[in-house]
Amino acid sequence: MEILFSKSRSLNYLLQSSRTCWHHYRNKSAAIFFIPRRFESIKAGEQLDVYNYKEDYHDGHDEHQTLNFPGGKVPITSQMKFISESSEKRLPCYRVLDDDGYLIPGTIFEQVSKGLALNMYSTMVTLQTMDTIFYEAQRQGRLSFYLTSTGEEAINIASAAALTPDDIVLPQYREPGVLLWRGFTLQEFADQLFGNKADYGKGRQMPIHYGSNKLNYFTVSSPLTTQLPQAAGVAYSLKMDKKEACVVVYFGDGSTSEGDFHAGLNFAAVMEAPVIFLCRNNGWAISTPVTEQFRSDGIAIKGQAYGIRSIRVDGNDALAVYSATRAARQMAIKERRPILVEAMTYRVSHHSTSDDSTKYRCVKEIEQWKTAKSPITRFRKWIQRNGWWADQNETGLRKNSRKQIVEAIQAAEKVEKPPLTDLFSDVYDKMPSNLQEQERFIRDTIKRYPKEYPFDVPQ
Ligand SMILES: Cc1ncc(C[n+]2csc(CCOP(=O)(O)OP(=O)(O)O)c2C)c(N)n1
Ligand SMILES: [Mg+2]
């Protein structure tokens, strides 16, 4: 029997306080206590202040008198004062480019070379084109479902560009651009959407549930926020293996209402796991606006409550997202700690093809974010002003990516569907009786209603 203590503190406590217990086990040789591997620990006290409540606390408190609690010393105050439910000022948003693509004077940011900037720009355009054409394909009835990342291209591409291929990504579903950046081909996207034989999920998942082992990109899972506690665990394993890499987990504002958000953040903070929590605060969770989702000043502020260093950035500013993600990655890996990034943006598209957002929000507002506030246009203005891009490049880029996407759709449509057997196999090592029963049931049903069975799915 092996007992592992993940925290040396627990072991010390046990050794000091229950010597008899230790001797008992040692003498009986019934248990082996392993001294766990120790990792450099970052003291919470060294964390930067995102919000400063000093004024609240310092009023009337005696600097010299403290109470010693298990979590540390706490100053005493004679004032009965509750912490305010909100601060007077909202947490500012880090920006590098203004709405018109001009550098904001005095802003500190990570330099981006011409080559990197052009790659980022063309991948954002490819993502936008991919969304337009796949969305149309769904409307034509060729796909069962689709959702776009429109308006969130900068979060997708700029954050991806700030990572290395060894960093592990746990996505929600509105981050296909991260996969595109990593080299998932347009054909691979189309194969997943059509659920054909080439789809890595063997057609068992809904469209947009992409995943790639090769590209360190976990498969999208439908239940919201499950990826957050998983990310804390994956990051902790990277730390145990002393890898020079971190985890990046994406999620939306709505997903923060799930218990898993809180569990994930707390686990990562306590275990000092190198994970970047990247929240896309796009204002909506299907038809629920953020004002009905939470009463806090967004998400970044919640990081501090869990002891996590946090920042709010303009998600429509590719340079701000890139710089913040680079810095977050550096801190996560070098200091072995989680970081929370809240990227402010707007979900320009309907939630998905199953939604009509004009039923619950103003069309004018959508249009404004689609055009005047587009992250692609803003970044283009900047690269064009640098002399790195011209209008004639634009036509070629868009034409070429459109052509490649249409070809990918045509090819994916021609590939046959995975056989019916694949629906049941490959889930468990040995098929359990309930799946065997389900397979028998579906095969009986097909025999009884052969005309109802889709002609393109081999039995
Ligand atoms: C546990 C769970 N509850 C509800 C849903 C249904 N659902 C799917 S997407 C979604 C909205 C999520 O909003 P957000 O996290 O803000 O992401 P966004 O769509 O804005 O990118 C909801 C409620 C779900 N998939 N899983
Ligand atoms: Mg949202």
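The values are calculated or read from the model by the stated rules, or taken from the named source; none is laboratory data. As the structure is a prediction and not an experimental result, all values here were calculated from the model. A quick note on method: Cβ atoms are made from the backbone with ideal geometry, for glycine too, and the neighbour counts reach across all protein chains shown.
Points worth noting:
- Selection status of residue 268, more than 16 Å from ligand 2 (Cβ to nearest atom), at pLDDT 95 or above and closer than 26 Å to residue 179 by Cβ: yes
- Residue 252, sole failed condition from (1) more than 13 Å from ligand 1 (Cβ to nearest atom); (2) closer than 18 Å to residue 292 by Cα: (1)
- Within the stretch 129-143, being part of a loop (DSSP other than H, G, I, E, B) and either on the phi > 0 side of the Ramachandran plot or within 16 Å of ligand 1 (Cβ to nearest atom) (or both) holds for one residue alone: 141.
- Criterion violated by residue 253 - all others in (1) surrounded by fewer than 24 Cβ atoms within 10 Å (Cβ to Cβ); (2) among the acidic types (Asp, Glu); (3) touching a helix residue (DSSP H, G or I) at 6+ places or on another chain (Cβ under 8 Å) satisfied: (1)
- The set of residues in the stretch 392-415 that are assigned to a helix (DSSP H, G or I) and closer than 16 Å to residue 193 by Cβ comprises 404, 405, 406, 407, 408, 409, 410, 411, 412, 413, 414.
- Taking each residue of the stretch 338-356 that is among the β-branched types (Val, Ile, Thr) and looking for partners that are within 12 Å of ligand 2 (Cβ to nearest atom) and assigned to a strand (DSSP E or B) with beta-carbon atoms closer than 8 Å, six or more apart or interchain, yields 341/279; 345/280; 345/281.
- Residue 301 meets the conditions (1) part of a loop (DSSP other than H, G, I, E, B); (2) more than 16 Å from ligand 1 (Cβ to nearest atom); (3) more than 17 Å from the chain's Cα centre (by Cα) in every case but one. The failed one is (1).
- Scan of the stretch 351-369 for residues that are within 16 Å of ligand 2 (Cβ to nearest atom) and either closer than 19 Å to residue 315 by Cβ or among the polar types (S, T, N, Q) (or both), ordered by number: 351, 352, 354, 357, 361, 365, 366, 369
- Subset of the stretch 276-290 [near ligand 2 (Cβ under 9 Å from one of its atoms), outside any strand (DSSP E or B) and touching a helix residue (DSSP H, G or I) at 6+ places or on another chain (Cβ under 8 Å)]: 283, 286
- Unique residue being over 23 Å from residue 342 (Cα atoms) and either surrounded by fewer than 23 Cβ atoms within 10 Å (Cβ to Cβ) or of a type outside the set (S, T, N, Q) (or both) when the list is 172, 140, 192: 140
- All positions within the stretch 212-249 that are of a type outside the set (Gly, Ala, Ser), free of Cβ contacts under 8 Å to residues at least 40 places away in the same chain and more than 12 Å from ligand 1 (Cβ to nearest atom): 213, 214, 219, 229, 236, 241, 242
- Inspection of the stretch 282-293 identifies at least one residue that is more than 26 Å from residue 107 (Cβ to Cβ) and in contact with a His (Cβ under 6 Å, 6 or more places away or on another chain).
- Scan of the stretch 304-336 for residues that are within 16 Å of ligand 1 (Cβ to nearest atom) and among the aliphatic types (A, V, I, L, M), ordered by number: 321
- Looking only at the stretch 261-294, residues that are on the phi < 0 side of the Ramachandran plot and away from ligand 1 (no atom under 16 Å from the Cβ) come to 10 in all.
- The one condition in (1) within 16 Å of residue 312 (Cα to Cα); (2) of a type outside the set (D, E, K, R); (3) touching a helix residue (DSSP H, G or I) at 6+ places or on another chain (Cβ under 8 Å); (4) within 16 Å of ligand 2 (Cβ to nearest atom) that residue 261 fails to fulfil: (1)
- Segments classed as helices (runs of 4 or more DSSP H), wholly inside the stretch 148-255, with at least 2 members that are under 22 Å from residue 335 (Cβ atoms), among the hydroxyl-bearing types (Ser, Thr, Tyr) and within 16 Å of ligand 2 (Cβ to nearest atom): none
- Those residues of the stretch 259-275 which are crowded, with 24+ Cβ neighbours inside 10 Å and not in a helix (DSSP H, G or I), in sequence order: 273, 274, 275
- Count of the stretch 267-320 residues which are over 22 Å from residue 229 (Cα atoms) and charged (D, E, K, R): 5
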